[in-house]
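Asks: Structure incoming, see below.
The values are calculated or read from the model by the stated rules, or taken from the named source; none is laboratory data. Small disclaimer: the values here were computed from a predicted structure and weren't measured. All Cβ positions, glycine included, derive from the backbone under ideal geometry; neighbour counts span all protein chains shown. The area values use the complete protein model at the heavy-atom level, side chains included, leaving out ligands, DNA and RNA. Shrake-Rupley method; radii C 1.70, N 1.55, O 1.52, S 1.80 Å.
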Amino acid sequence: RLTLTPDQVADTDLANFSIYLLKTSALRYALARLNRDNAQQEEYLSDIITILAQERTGAAVRFNVQFLKVENANHVMAFNDPAELLEIEAYTQSKKRQTMTPELPSSDAFRTIADWQRAFRRLYEEKRHPEETLWNKLAGYYGDDVTLIQGRVQAYLTVLDYAARLVGQDKAVLLVRSPGRVNLMGRHIDHQGGSCNLMTIGYETLAAIHPRKDDRIRLFNLDREQFPDHEFSIGELVADLPWDDWISLVNSEKVSQMALEAGGDWSQYIKAAVLRLQKKFSALQLRGADIIVAGDIPIAAGLSSSSALVVAAAEAMVAINQLDIFPSQLIDLCGEGEWFVGTRGGNADHAAIKLGQRSRVVQVTFFDFAVQDVVPFPREYVLAICDSGIKARKTNNARDQFNHRVACYHIGFKLIRKLFPQYAPLLHHLRDVNVRTLNIPLAWIYEILLHLPEQATRDELRAALPDESDNLESLFATHQPPADGLYPIRGVVLFGLAECERSRLFAGALRGRRISEIGRLMNVSHDGDRVARFASDGKQQPYRAQTSNDYLLDLIGDLKSGEPERVIKAQLQWQPGSYRCSVAEVDRMVDIALRTEGVAGAQLAGAGLGGCMMALTRKDAIPALAENLNEGYYRPCNKAPSILLSTPVAGSDVLFVNP
């Protein structure tokens, strides 16, 4: 508490403009404690600063309150009278841009291709050059490993040389990097409001972007055979699409037909980013660009190569059009943009790609989006990302299965709200079905799950939810009926609730370096996606995690027993649930990895139906893991070994370097 004289107040360089940046939890805490204990009998939002600053837990300050230095006072203009309001209006009008920026944006990100080539070649030839800004920038992305940085320098030179052949060395370009990602814990739950523990990996999409004066997008990929050239006009594309709102657009018959005809073509992911930004900034005609792409993220391996492309395109369009957007908006727009391709997932992949930090794992949550924690990756470990060779293509069949599981989530959630109306006001997303939100014991969560059908047909679900007919039909329309006609509601919901709990606990286990707990969380999570289990002799057995009435009743009995071992075993995070989006090949690799000394845990990487397995492995155990996988999987299956070793790198960025 401070007591100041009027002169001291007048002389200070601190001012309260009533513009506050708060974490959601802090805002809710302060708003609940506002009062009218003042002469005007009014609540003042400015009191939240005092409330937060004075709150303590013992001697420790609970909330960290700091001032924000503002270089341009126009950015925090406020008004108390019409004259001050007119000043704001005048400033706003002066900042309004034209329909399309006629000149190339002025930015340190833009240099001629020849300038970029010279800078990178000096680094490549001399290992380190007095032009420290570029080297330090790369070290900030990738770490201090000279060999790793040299490899990335060569990758930048490759895309620059290709761009020079296409548009000329004298053309100005900006460089965008967008890494692949893995989600260490929190699979399949971002779209249900759960948390994800995200890590960007040292494999990335690189793009050289040359702005155009028209609205045409020209696409070039270094691998032209697999990714042919494309060209489109933003205006012409928009003219053929419904433009009322984004949901109507992506649900339209026109877009569905486009997705069907494109069959997952790489240009669709560029269009997804461009269209979503054009819809967001509907009063501005976006400038086009020549986009030259190269990358080393394995395709269809569950490492988000497609989402990395979406984020790279979005970063490029934001930069060349000088769009006013902040990271969480970009993440949301990229996630929604990818709906254009035909999937209905969340934006965890895009959050990981944008927010990744070197040597750190970032825990994020959704609805409302927030970064919950940033924790160190264990230094003596590396993440071995092992490709099964089974391509996780986003074909129609794959989209059907992914969207089928998402439908199970939504239907299960609707059933819970109907069957337990006393909890409905507290339930906004599936993740809210937990002991903290509902203030109930864990045994009651299992009681709720007992009321959900293990499996049901569409007609049975229509009968169970007669008041949700329109919503059900919308969910059913996202996918073809499964071959058996069944929706495994209980198993999917159990997986989702348990995965939310596993993900919530994961960052704390990392921070505490509880490696055995981390490994167990990974292993149980994978069991929720398993379709097979393999013995040490390689024999395969079908696998389906338990979700029966007897299983849930046993868990309730364990919790009520009071016996520590039984109570611990019955905790929600140790129940796999049954999402079943793995494939037998990935399950085989996981089981081989888990029999290797030095592997803490292993699980599916990505959304499933192929792709990669990831194993948290001590660095000294990598040779043994590689040998075991080669002997137990790659060689018998006649597949080339593919093991990518990675620690966290920085998230996506436009490369800004002073000339």
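Asks: Tally up the residues in the stretch 455-484 that are of a type outside the set (A, V, I, L, M), open to solvent by less than 80 Å² (accessible area, probe 1.4 Å), part of a loop (DSSP other than H, G, I, E, B) and modelled with pLDDT of 95 or more, please.
Replies: Of the residues in the stretch 455-484, 1 are of a type outside the set (A, V, I, L, M), open to solvent by less than 80 Å² (accessible area, probe 1.4 Å), part of a loop (DSSP other than H, G, I, E, B) and modelled with pLDDT of 95 or more.
Asks: Among the listed residues Ala584, Ala605, Ala593, Ala621, which satisfies the condition of being in contact with a strand residue (DSSP E or B) (Cβ under 9 Å, 6 or more places away or on another chain) and either open to solvent by 40 Å² or more (accessible area, probe 1.4 Å) or closer than 22 Å to Tyr142 by Cα (or both)?
Replies: Only one candidate passes the filter, namely Ala605.
Asks: Right, something else. Met317 fails exactly one of the following numbered conditions: (1) under 21 Å from His191 (Cβ atoms); (2) assigned to a helix (DSSP H, G or I). What is the number of that condition?
Replies: So Met317 meets the others, but not (1).
Asks: Would you say Ser642 is touching a strand residue (DSSP E or B) at 6+ places or on another chain (Cβ under 6 Å) and open to solvent by less than 10 Å² (accessible area, probe 1.4 Å)?
Replies: Criteria not met by Ser642.
Asks: For the stretch 508-528, does any single residue satisfy the condition of being among the aliphatic types (A, V, I, L, M), more than 20 Å from Asn183 (Cα to Cα) and open to solvent by less than 40 Å² (accessible area, probe 1.4 Å)?
Replies: no
Asks: Somewhere in the stretch 414-424, is a residue at pLDDT 95 or above, of a type in the set (Val, Ile, Thr) and over 22 Å from Ala463 (Cα atoms)?
Replies: Checked the stretch 414-424: no residue is at pLDDT 95 or above, of a type in the set (Val, Ile, Thr) and over 22 Å from Ala463 (Cα atoms).
Asks: Can you run down the residue pairs with Cβ atoms below 7 Å, 6 or more apart or on separate chains, where the first is in the stretch 551-577 and free of Cβ contacts under 8 Å to residues at least 60 places away in the same chain and acidic (Asp, Glu) and the partner is part of a helix (DSSP H, G or I) and open to solvent by 30 Å² or more (accessible area, probe 1.4 Å)?
Replies: Asp558/Arg566; Asp558/Val567; Asp558/Lys569
Asks: Within the stretch 281-288, is even one residue more than 22 Å from Asp229 (Cα to Cα), in a helix (DSSP H, G or I), open to solvent by 30 Å² or more (accessible area, probe 1.4 Å) and in contact (Cβ under 8 Å) with a residue 24 or more places away in the chain?
Replies: No, that holds for no residue.
Asks: Among the candidates Asp349, Asp387, which residue alone is more than 20 Å from Gln268 (Cβ to Cβ) and among the charged types (D, E, K, R)?
Replies: Residue meeting the stated conditions: Asp387.
Asks: Read through the list (1) more than 14 Å from the chain's Cα centre (by Cα); (2) assigned to a helix (DSSP H, G or I); (3) surrounded by fewer than 24 Cβ atoms within 10 Å (Cβ to Cβ), then give the number of the only condition that Ser328 fails.
Replies: (1)
Asks: When you check Ile19 against the structure, is it open to solvent by less than 100 Å² (accessible area, probe 1.4 Å), of a type in the set (A, V, I, L, M) and in a loop (DSSP other than H, G, I, E, B), yes or no?
Replies: Against the criterion (open to solvent by less than 100 Å² (accessible area, probe 1.4 Å), of a type in the set (A, V, I, L, M) and in a loop (DSSP other than H, G, I, E, B)), Ile19 qualifies.
Asks: Could you tell me which numbered condition Phe326 fails, if it satisfies all but one of (1) without any contact (Cβ under 8 Å) to a residue 60 or more places away in the chain; (2) farther than 27 Å from Ile291 by Cβ?
Replies: (2)
Asks: Return the residues of the stretch 363-396 that are open to solvent by 30 Å² or more (accessible area, probe 1.4 Å), under 30 Å from Arg635 (Cα atoms) and either acidic (Asp, Glu) or free of Cβ contacts under 8 Å to residues at least 12 places away in the same chain (or both); say none if nothing qualifies.
Replies: Hit for the stretch 363-396 is Glu380, nothing else.
Asks: Scan the stretch 153-196 for residues that are touching a Pro at 6+ places or on another chain (Cβ under 9 Å) and over 30 Å from Ala407 (Cα atoms) and report the count.
Replies: Adding up the residues that qualify gives 3.
Asks: Out of the stretch 229-264, which residues are touching a strand residue (DSSP E or B) at 6+ places or on another chain (Cβ under 8 Å) and surrounded by fewer than 17 Cβ atoms within 10 Å (Cβ to Cβ)?
Replies: Asp229, Glu231, Ser233
Okay, residues lined up against (1) out of contact with any strand residue (DSSP E or B) (no Cβ under 6 Å at 6 or more places or on another chain); (2) surrounded by 10 or more Cβ atoms within 10 Å (Cβ to Cβ); (3) modelled with pLDDT of 80 or more:
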site	(1), (2), (3)
Leu27	yes, yes, yes
Phe67	yes, yes, yes
Val70	yes, yes, yes
Asn80	yes, no, no
Ala109	no, yes, no
Asn136	yes, yes, yes
